[in-house]
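Encoded as structure tokens, the structure appears first; notes follow it.
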Amino acid sequence: DADVVPQAPEDPLFGLMAAYRNDTFDKKVDLGIGAYRDNNAKPWVLPVVKKAEEVLRNDPDFNHEYLPIAGLANFTSASQKLVLGADSPAIKEKRVTTVQTISGTGAVHLGALFLSKFYPGRSVYFSDPTWVNHHQIFTNVHIKIATYPYFSAKTKGLDFEGMLDTIGKAAEGSIVLLHSCAHNPTGVDPTQEQWKEISKVMKEKKLFPFFDSAYQGFASGDLNKDAWAIRYFIEQGFELCIAQSYSKNLGLYGERAGCFHFVTGASSDAESTISRIASQLAILQRSEISNPPAYGARVASAVLNDEALFAQWEEDLRTMSGRIIEMRDVLRSKLDEMGTPGTWNHITDQIGMFSYTGLTEKQVLKIREAAHVYMTKNGRISMAGLNTNNIDYFAKAVDKVVRE
Ligand code: PLP
Ligand code: TYF
């Protein structure tokens, strides 16, 4: 009976959010969860999303019917173009199948479930560290987990040699999970030259790339630049899959808009392979969620399929990524100006939602207690939590804790 169910630990991130909410100190700073905040520390509904919602409201055919099992077709086809590029040969040659999912998390899960069923016995390799949910999702479908070195504590950049060395020794067919841009939690991405070498080793060793794309356009402000690695791997002929999220780049967090894409290499029977894969994905989807949520997909589809709205979206992406990049510059120069012990170039070298500050767990707990600044124990800060009102306070708190 229920006595056999043990108490599970609280999710650390959600625990941190609760602690922040309960803190009554007026200068408290929330650098925990990876969600965009504007310069007033408030959630931001993208102006383009407001416009798209108005389009939906005025649509006389709007209803609440179920979507098809694979999701809203206008959304999934536009999502393929967004991540693979509008003129992608993979799309032209019908080597891609796409299923709308419960955002990026659901896409990672559907992919993991599919691989556990049809590619049994393979291990998955995660970067050390990675988004903690990767561990839980793949464990749930009984895929064996291994890790490859990624973050160098010494340089606070990429441990490229360690990464290549471990990947190069993985068994043939192993799945390698790669963050396509804006690595969570470190903010450290390979350069294009490094991606090329990763691709070369993975091809030699016949490894299977699983791209997690949660920050396209949000990282650099340029949708194409942030999809470069995925497109390069596809050019190299890999069979691969992609989990795509619209949580951050459209700010649709709670609407759960995303896609899972499976791409095969070019071959004469690629189209029939894709048709078989699509049929199996549909069965998995049907047993798990029946059909995906409609609203977020409709909003995204309105943006993706309209030239004017798409241009406005690119503007909104530049607003978000630009503010974050500015906060990186300001934080780094404040620490440099104060002569805070250590090097701080990693703050501006890292990209995307997060920075891995290099603060130790002890320092993280101290800064929480002394300055009411909330960040995860690994020293990760959500850059979007910083703004022109609190960045000076935060920089001084870091300076103090580092000197103690
Ligand atoms: N993958 C990574 C690396 C993430 O950082 C996130 C969100 O933080 C996700 C996937 C999934 O987010 P969502 O399920 O909201 O799309
Ligand atoms: O801050 C992070 O790393 C993410 C945020 O369903 C998050 O874990 C929270 C909830 C969720 C997906 C991502």
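Nothing in this text is a laboratory measurement; each read-out follows from the coordinates by a stated rule. As the structure is a prediction and not an experimental result, all values here were calculated from the model. Neighbour counts run over all protein chains shown; Cβ positions are idealised from the backbone, glycine included.
Name the residue from Pro89, His261, Ile325 whose Cα lies farthest towards the positive end of the charge dipole of the chain, charges +1 on Cβ of Lys and Arg and -1 on Cβ of Asp and Glu.
Ile325
Translational diffusion coefficient of segment 205-249 at 20 °C, 1.002 mPa s, Stokes-Einstein with Kirkwood Rh over Cα pairs, in µm²/s as a whole number. Present the calculation step by step, with values, prior to reporting the outcome.
On the way: Rh = 11.2 Å.
Rounded, D is 192 µm²/s.
Note the per residue figure in Å³ for the convex hull of the C-alpha positions in the chain. Can you show the working numbers first?
Working: hull volume 65.6 nm³, N = 404.
Enclosed volume per residue, from the Cα hull, is 162 Å³.
For segment 24-102, which GluC sites (Glu not before Pro) pass both filters: DSSP loop (anything but H, G, I, E, B) and at most 16 other C-beta atoms within 10 Å? Walk me through the intermediate numbers first.
Working: sites: Glu53, Glu54, Glu65, Glu93; in loops: Glu65, Glu93.
Listed in order of number, the matching sites are Glu65, Glu93.
Please find the FRET efficiency linking Val141 to Lys377, where r is the Cβ-Cβ separation and R0 is fixed at 30 Å, and quote it to the nearest 0.05. Could you put the intermediate results ahead of the total?
On the way: r = 27 Å, r/R0 = 0.91.
Result of the calculation: an efficiency of 0.65.
For Cα pairs less than 8 Å apart in space and 6+ apart in sequence, what is the mean separation divided by the residue count of segment 254-404, i.e. the relative contact order in percent?
Reported relative contact order: 19 percent.
Find how many whole Å separate the alpha carbon centroid of segment 162-241 from the alpha carbon centroid of segment 91-118.
With segment 91-118 and segment 162-241 each reduced to a Cα centre, they are spaced 17 Å.
Taking segment 52-109, which chymotrypsin sites (Phe, Trp or Tyr not before Pro) meet the DSSP loop condition and have no more than 10 other C-beta atoms within 10 Å?
Within segment 52-109, the qualifying chymotrypsin sites (Phe, Trp or Tyr not before Pro) (loop, at most 10 other Cβ atoms within 10 Å) are Tyr66.
Which of His372, His261, His64 comes first, and how do the rest follow, when ranked by fewest Cβ neighbours within 10 Å? Working shown, then result.
Numbers: His372 19, His261 25, His64 6.
Starting with the residue having the fewest Cβ neighbours, the order is His64, His372, His261.
log10 I(q)/I(0), Debye, Cα-only segment 83-222, no solvent, q = 0.11, 0.17 Å⁻¹?
The calculated log intensity ratios at q = 0.11, 0.17 Å⁻¹ are -0.42, -1.05.
Provide the three semi-axes, in whole Å and in decreasing order, of the ellipsoid equivalent to segment 253-404 as defined by the square roots of 5 times the Cα gyration tensor eigenvalues.
Details: eigenvalues 368, 77, 54 Å².
Semi-axes (√(5λ), whole Å): 43, 20, 16.
Treating the angle as unsigned and between 0 and 90°, give the value, to the nearest 10°, between the Cα long axis of helix 270-288 and the longest Cα principal axis of the chain.
The angle comes out near 60 degrees.
Suppose the Debye formula is applied to equal point scatterers at every Cα of segment 1-132; what is log10 I(q)/I(0) at q = 0.13 Å⁻¹?
-1.05
For the chain, find the longest principal axis of its Cα atoms and tell me its angle to the long axis of helix 391-403, 0 to 90°, nearest 10.
Helix 391-403 sits at roughly 70 degrees to that axis.
From the convex hull of the Cα coordinates of segment 66-305, what is the mean projected area in square nanometres? Please report the intermediate quantities before stating the final value.
Details: hull surface 47.6 nm².
It is 11.9 nm².
Pairs of alpha-carbon atoms within less than 8 angstrom and 6+ residues apart define the contacts here; what relative contact order does segment 66-305 have, in percent? Before the final figure, lay out the partial values.
Values: 453 pairs, mean separation 74.2, N = 240.
Relative contact order comes out at 31 percent.
Size of the dipole of segment 66-305 about the Cα centre, Lys and Arg at +1 and Asp and Glu at -1 on the beta carbon, nothing else charged, in debye to 20? Write down the numbers at each step before the final one.
Numbers: 22 positive and 20 negative charges, 80 e Å.
Using only the charged Cβ atoms, the result is roughly 380 debye.
Given Cα pairs under 8 Å that are at least 6 residues apart, what percent is the relative contact order of the chain?
Values: 733 pairs, mean separation 105.4, N = 404.
Once divided by the residue count of the chain, the mean separation gives 26 percent.
Taking Cα atoms, how many degrees apart are the long axis of helix 12-22 and the longest axis of the chain, rounded to 10 and kept between 0 and 90?
It works out to around 50 degrees.
Hey, how many Å between the Cα centroid of segment 1-45 and the Cα centroid of segment 357-404?
16 Å
Counting other beta carbons within 10 Å of each residue's own, what order do Thr376, Thr343, Thr357 fall into, fewest first? List each step's numbers first, then the result.
Values: Thr376 21, Thr343 13, Thr357 26.
Lowest count first: Thr343, Thr376, Thr357.
Using amide H atoms built in the peptide plane, which far-off residues or other-chain residues are under 5 Å from Gly157 H to H?
It is Ser152, by chain and number.
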